[in-house]
1. State yes or no: is Ile207 aliphatic (A, V, I, L, M) and closer than 23 Å to Gly318 by Cβ?
2. If you check Gly318, Gly290, which single one turns out to be open to solvent by 20 Å² or more (accessible area, probe 1.4 Å), small (Gly, Ala, Ser) and at pLDDT 95 or above?
3. Looking only at residues that are within 14 Å of the ligand (Cβ to nearest atom) and of a type in the set (Phe, Trp, Tyr) in the stretch 391-423, which one is farthest from Phe110 (Cα to Cα)?
4. Just name the residue that is nearest to the ligand (Cβ to nearest atom) out of those in the stretch 453-486 that are aliphatic (A, V, I, L, M) and out of contact with any strand residue (DSSP E or B) (no Cβ under 8 Å at 6 or more places or on another chain).
5. Please tell me if Gly30 is modelled with pLDDT of 95 or more, of a type in the set (Gly, Ala, Ser) and over 28 Å from Gly13 (Cβ atoms).
6. Sort out which residues of the stretch 192-231 are assigned to a helix (DSSP H, G or I), in contact (Cβ under 8 Å) with a residue 60 or more places away in the chain and farther than 28 Å from Val346 by Cα, and write them in order of number.
7. Whether any residue in the stretch 184-191 is hydrophobic (A, V, I, L, M, F, W, C), part of a helix (DSSP H, G or I), surrounded by fewer than 24 Cβ atoms within 10 Å (Cβ to Cβ) and free of Cβ contacts under 8 Å to residues at least 60 places away in the same chain is what I want to check.
8. Quick check on my filter: what residues within the stretch 464-503 are outside any helix (DSSP H, G or I), under 20 Å from Ala428 (Cβ atoms) and either open to solvent by less than 10 Å² (accessible area, probe 1.4 Å) or basic (Lys, Arg) (or both)?
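The values are calculated or read from the model by the stated rules, or taken from the named source; none is laboratory data. Since the model is a prediction, treat every value here as computed from it, not as a measurement. Backbone-built Cβ (ideal geometry, glycine too); neighbour counts: all protein chains shown. Heads up: the accessible areas ignore ligands, DNA and RNA and are worked out on the full protein's heavy atoms, side chains in. Shrake-Rupley method; radii C 1.70, N 1.55, O 1.52, S 1.80 Å.
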Amino acid sequence: MTKQFPKNFMWGGAIAANQAEGAYNLDGRGLTATDVTTGGSVKMPRYTTYIDKDGKPGKVASMGHNGVIPEGAKYAVLDTEYYPNHQAVDFYHRYKEDIKLFAEMGYSIFRLSISWARIFPNGDDIRPNQAGLDFYRSVFEECRKYNIEPLVSIWHFDTPLSLEERFGGWTNRKLVDFYVKYAETIFREYKGLVKYWLTFNEINNTIMFLDMMSDISGKEATDKEYQDAYQHLHHQFVASAKTVQIGHAIDPNYVIGNMICGITFYPGTCDPKDILANQHKWEQGIYYCGDVQAKGKYGTYAKRLWKEHNVELVMEDGDLEILEKGKVDMYTFSYYMSNNVTTHEVEDKVSGNFSAGAKNPYLTYSDWGWAHDPVGLQYYLEKIYDRYEIPLMVVENGLGAFDTVEEDGSIHDDYRIDYHRAHIKAMADAIDNGVNLIAYTTWGCIDIVSAGTGEMRKRYGFIYVDMDDAGNGTLNRTPKDSFYWYKEVLATNGLNVLEESDR
Ligand code: BG6
């Protein structure tokens, strides 16, 4: 018999404020790190721009995080640079048109993030910015009009820049309270409009990124960088756990999840050393954050991880209790690819989405070097569900690819359809094996600015946006072939995909 998705399974798509909204300086919004980050490409990093203490403009490679600017320098928007996130795809003014298209595809859920700097421009303002609150209220009301459930990320890589400048970002404990106040404000404001919330997008990237540094820059991360990363994470864990408790107190119906950058790691060979290295990779990259947020405590291996880099984690009295009481209701994750872990020399290396490793000869790779591995998604789902036994959501999954617009304006993206078909089939297999998966939101349901490279031509959407890497174009929206295919998937609750695969 053909496998099935549960009757109430939620289907939809996902975007993030900084990659979609634009309007970076409108209606009282403050700056965030992406506003001082230039465009890049698969070969060229994005840069963080600044004015140094002598008034001279400069830039430093951002490599997945805002770059470390020289002492005395100030983050700055420079006239000589192009910043793709300033305009992004102008969701700020076009959300009604976009949500209508999502409704036409049959979405029951739409993941988006709130920009902290639209609500509290400096991150710690006494009162929230009314225009920011009003904007998201209209967006959520628009979703409700079509019976679309908003799934809201409270933080998607966009700490207000002012907090970075004045407090040095998340290594400073003060950010916990600022974040919690921001979360509490939006929990109260949108009660009745939003039910599903995520605390921190891809929280584990902070540590995964350090681990891959030597692969991209040839330089190992220092113990100080590990110290800062683990401290930064501890503060985010405490902020997340406090937020979960406050959210439940404000509305017991709130369902609050974590969000992990999900990568399936395989041992590169059957050398026992590779098997162990792979286990340690899962502990550091995937379980470290998941265990704290879903089990409410640091894993037994955490002490080993800290010791490896001489980390002395600073905790306050009561922190462990806060973590214990602030467990998430669901585990959500992004899944794009798998990676190989080996202790042996490798000639062919690949990197993508905060992870680098040996190329897997059994897989194919995208133009940006990301592995196509739907079996890895089934593996991840089964492994993670067995570990936590709470509902799961796949909240990002997609293929970043070049699209060609034909003369008649159509876009034939069968490669994207193939990618999603295979991953949907993998989800059905995992569900059939007992996994409680409740939702699927594809990444960049509409083309948006790439987080990693700042490009527009790395497109994930089922809806094409007419804009190039330099910001030229009409910004008009056009459904691609995948739009009509996904509409059929949703209309049949996934059955057409499963029947196609059975043939
Ligand atoms: C995830 C992020 O890392 O991957 C998204 O949560 C991001 O913000 C997505 O856009 C795809 O990465 P990229 O670099 O191709 O945009």
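1. Numbers: aliphatic (A, V, I, L, M): yes; closer than 23 Å to Gly318 by Cβ: no.
Judged against the criteria, Ile207 is not a match.
2. Numbers: Gly290 fails: open to solvent by 20 Å² or more (accessible area, probe 1.4 Å).
Being open to solvent by 20 Å² or more (accessible area, probe 1.4 Å), small (Gly, Ala, Ser) and at pLDDT 95 or above holds for just one of Gly318, Gly290, which is Gly318.
3. Phe402
4. Keep residues of the stretch 453-486 that are aliphatic (A, V, I, L, M), which gives 456, 463, 465, 467, 470, 475.
Then drop every residue that is not out of contact with any strand residue (DSSP E or B) (no Cβ under 8 Å at 6 or more places or on another chain), which leaves 467, 470.
On the way: Met467: 15, Ala470: 18 Å.
My answer is Met467.
5. On the way: modelled with pLDDT of 95 or more: yes; of a type in the set (Gly, Ala, Ser): yes; over 28 Å from Gly13 (Cβ atoms): no.
For Gly30, the condition - modelled with pLDDT of 95 or more, of a type in the set (Gly, Ala, Ser) and over 28 Å from Gly13 (Cβ atoms) - is not met.
6. Gln227, Tyr230, Gln231
7. no
8. So in the stretch 464-503, the residues outside any helix (DSSP H, G or I) come out as 464-480, 492-494, 503.
Subsequent filtering for residues that are under 20 Å from Ala428 (Cβ atoms) retains 492-494, 503.
Gly494, Arg503, listed by residue number.
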